[in-house]
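Chemist: I am attaching a structure below and will ask some questions about it afterwards.
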């Protein structure tokens, strides 16, 4: 329950133009009593609250400044999330109340857990870290109620592992991450944790390498998604900017000059760049980008190489390979980028395709 009686007594007193001494005389109490009420050192008796309300011509509720919180589940959960954003440590008491009132609600338990998780990580207070672990484990049992597809048991285990690591319980953290690592989502964290706490460097290398390759694949997929988005939105400036960033980034990952799968990806991004350049009125730039895309695509298709060990920092291996869904050949992949585009742009590509040097006719 929240009240603001101290502030209200002071405000109503001043509204009437009274000093603390004069209000004390009206109520038949000491000046010290009024001072304590207004300084929040003590509360007046119920009888005096009623007398003051009558004297100030307000209701008791108004004098108290009583504000009843909405205790319904959704409102409670919303307050807990807001408290995390505003770093209101006092909200931990409400979090405990929410867990007591809604112990079988994933939303309530997870919101309370996240509050302890956030504040515990910031302050490194052991009781808060321990409580975060307890509540997150409770949330794991209720996760089937969760309607957010991005949250699952593995995600919660990742949070619990963070708390264990902060508590110096590395073995527990590693065990959780290794046991709940679908799609190698925690490979990078496992590798770092192993190296940070004296683990086997070779084991750490295995995890870091897998995490590195997964990150590269995710980056490529995400940039393709952005390229498609900028294409649909006709945002040519952003499209050109991103393509000019991703191409040198991928070129920097190449271990050799061989036409590996990275070359296939660069050909695709050069094709996207041509689309954005053409739409921006840079026909000559589009021709050059298409010429580069063709040369790279033909080089890859002549001797396709999907070996992941062509990437820098990845050890030699005959079993680790890359893959994509862009087409069987690099030329197919570039064709898919240009499909549905303007007739003139397709003609530029056809002209590029008719020249052995990869340049467009008339360029």
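The values are calculated or read from the model by the stated rules, or taken from the named source; none is laboratory data. Nothing here was measured: the structure is a model prediction, and the numbers come from that model. Neighbour counts are summed over all protein chains in view; Cβ atoms, including those assigned to glycine, are modelled from backbone coordinates with ideal geometry.
Chemist: Of these, 260, 231, 235, 270, which one is closer than 30 Å to residue 293 by Cβ, in contact with a strand residue (DSSP E or B) (Cβ under 9 Å, 6 or more places away or on another chain) and assigned by TED's automatic domain parsing to the domain that holds residue 327?
Modeler: The match here is 260.
Chemist: Could you run through the stretch 269-291 and say how many residues are surrounded by fewer than 21 Cβ atoms within 10 Å (Cβ to Cβ) and in contact (Cβ under 8 Å) with a residue 40 or more places away in the chain?
Modeler: 5
Chemist: Search the stretch 338-363 for residues being part of a loop (DSSP other than H, G, I, E, B) and crowded, with 17+ Cβ neighbours inside 10 Å, and hand back the single one that is modelled with the highest pLDDT.
Modeler: Step by step, filter the stretch 338-363, then rank; the result is 341.
Chemist: Now, a different point. Do any helices (runs of 4 or more DSSP H) lying entirely in the stretch 77-174 carry at least 3 residues that are under 30 Å from residue 192 (Cβ atoms) and at pLDDT 90 or above, and which ones are they?
Modeler: 106-123, 126-142, 153-166
Chemist: If I go through the stretch 49-80 residue by residue, how many of them are surrounded by 16 or more Cβ atoms within 10 Å (Cβ to Cβ) and under 19 Å from residue 136 (Cα atoms)?
Modeler: Selection size over the stretch 49-80: 4.
Chemist: Looking at the stretch 204-236, which of the residues that are in contact with a helix residue (DSSP H, G or I) (Cβ under 7 Å, 6 or more places away or on another chain) and within 26 Å of residue 172 (Cβ to Cβ) is surrounded by the fewest Cβ atoms within 10 Å (Cβ to Cβ)?
Modeler: 214
Chemist: Collect the residues in the stretch 307-327 that are at pLDDT 85 or above and in a loop (DSSP other than H, G, I, E, B), keeping them in residue-number order.
Modeler: 312, 313, 314
Chemist: Would you say residue 162 is within 21 Å of the chain's Cα centre (by Cα), closer than 24 Å to residue 102 by Cα, surrounded by 15 or more Cβ atoms within 10 Å (Cβ to Cβ) and assigned by TED's automatic domain parsing to the domain that holds residue 117?
Modeler: Taking the combined requirement at face value, the residue does not satisfy it.
Chemist: Considering the stretch 187-203 alone, what residues qualify as being within 17 Å of residue 315 (Cβ to Cβ) and either surrounded by fewer than 19 Cβ atoms within 10 Å (Cβ to Cβ) or in contact with a strand residue (DSSP E or B) (Cβ under 9 Å, 6 or more places away or on another chain) (or both)?
Modeler: 188, 195, 200, 201, 202, 203
Chemist: Related question: With respect to the numbered conditions (1) part of a helix (DSSP H, G or I); (2) more than 22 Å from the chain's Cα centre (by Cα); (3) without any contact (Cβ under 8 Å) to a residue 60 or more places away in the chain, which one is the sole condition not fulfilled by residue 205?
Modeler: Here residue 205 meets the rest and fails (3).
Chemist: Quick one: residue 284 ticks every box in (1) in contact with a helix residue (DSSP H, G or I) (Cβ under 8 Å, 6 or more places away or on another chain); (2) assigned to a helix (DSSP H, G or I) except a single one, so which number is it?
Modeler: (1)
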